[in-house]
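Report on the following structure.
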Amino acid sequence: MNVQLNKNFPKAGEEPSSVTIRNAERLILFYWLISGVLGVIFLWDWLTAWNVPVTFSHPWFVLYLIFSFGLTQVLYLLVARHDGRPLHWGATAIFAIGNGVAETLAFALIYRLGEVIGTWLIGLVAPSFAALGGLMVGIIFFTIYGGLIHGLFWLRILPPHLDDSPRSQAIRKNRPIAEIVLVLGWSLCLWWTRDIWTVIFFHILVDIGLMVLVRPPIFGARPSPVPAS
C-alpha cells in the first residue's frame, strides 16, 4: 500500500487535486475492506455476542469510557484545524460509520492477537496471572498499532490538520497520554466484558469529532473555498 500520499497532498490553503482526493478515498476503502474481512473472520464470536448490557451494568466503567473520550476530544479540539473547509454531513456519516466499524475491527484484532500471545507466554511461567498478562500484552499491541496506523497512514492520508503554534505543540505533547487512557478503556471492554459494540460506538463518536474538526475533502466533502481575487 502506498502511504506516501501526504507528500503530494497540498499544504494548508492550497487546493487538493481530484486525483489526490480519489487516491485518499481508495486507500481508506482498501483499509476498511481488509479490516472488515479479517475482523469478521477472526472476531465473529465477539461480533455475534451482544455484551453491551454487561458493560453498562458497571456505571463507573461507563463513566471512565465517557471521560476518556471527552479528554481526547477536548485536546483534539485545541489543536485541530479545518482551514475553512465546509462541513459535509454526508461525508461525516460515511467516514464515521465506515471507519468506526472497520478500524475498531482492526484494533480489536490486534488487541486479541496480543492477548492470546500474552496469555500463552505468562501462562508458561505464572498460570494464575495468565489472563492479566494477556490484557497487558493486548494493550501494548493495541497501543503500538494505534500509533503506527495514525503516524504512517492517517497523517499521510488526511490533509495537514494540526496547528503548529507553540501553544498547540505544548498541548500535543499531552495527547499521547490521553490516547493511552482511551486505549486502556477500550481494551478493558474487549478483555473484561468482551463487548466490541461499545468500542465501535465510541470510535464512531471519535470519528465524528475528526470530521467536524478537520473536515477532510473526502467522500463528497469539498475542499477549502477559493478566496475571491
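The values are calculated or read from the model by the stated rules, or taken from the named source; none is laboratory data. Fair warning: this is a prediction, and the values are worked out from it, not measured in the lab. Note: ideal-geometry Cβ built from the backbone for every residue, glycine included; neighbour counts use all protein chains shown.
Yes or no, residue by residue, for (1) over 23 Å from Val212 (Cα atoms); (2) in contact with a helix residue (DSSP H, G or I) (Cβ under 9 Å, 6 or more places away or on another chain):
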| site | (1), (2) |
| --- | --- |
| Ile110 | yes, yes |
| Gly134 | yes, yes |
| Leu152 | no, no |
| Arg156 | no, yes |
What are the residues in region 68-77 that are touching a residue at least 12 places away in the same chain (Cβ under 8 Å) and either surrounded by fewer than 15 Cβ atoms within 10 Å (Cβ to Cβ) or within 9 Å of Leu182 (Cα to Cα) (or both), if any? Ser68, Phe69, Leu71, Thr72, Leu77
Qualifying positions in region 78-102 - out of contact with any Phe, Trp or Tyr (no Cβ under 8 Å at 6 or more places or on another chain), exposed (fewer than 14 other Cβ atoms within 10 Å of the Cβ) and in a helix (DSSP H, G or I): Trp89
Got a number for residues in region 24-63 being over 18 Å from Ala106 (Cα atoms), part of a helix (DSSP H, G or I) and over 18 Å from the mean Cα position of the chain (by Cα)? 10
Does Asn6 count as closer than 20 Å to Leu152 by Cα, modelled with pLDDT under 90 and surrounded by 14 or more Cβ atoms within 10 Å (Cβ to Cβ)? yes
What are the pairs, 6+ residues apart or on separate chains, where a residue within region 141-168 that is closer than 19 Å to Ile110 by Cβ has its Cβ under 9 Å from a residue that is surrounded by fewer than 14 Cβ atoms within 10 Å (Cβ to Cβ) and at pLDDT below 85? Phe153/Met1
State yes or no: is Trp197 modelled with pLDDT under 95 and either out of contact with any Phe, Trp or Tyr (no Cβ under 7 Å at 6 or more places or on another chain) or in a helix (DSSP H, G or I) (or both)? no
The conditions are (1) out of contact with any strand residue (DSSP E or B) (no Cβ under 6 Å at 6 or more places or on another chain); (2) modelled with pLDDT under 90, and His161 fails exactly one of them. Which is it? (1)
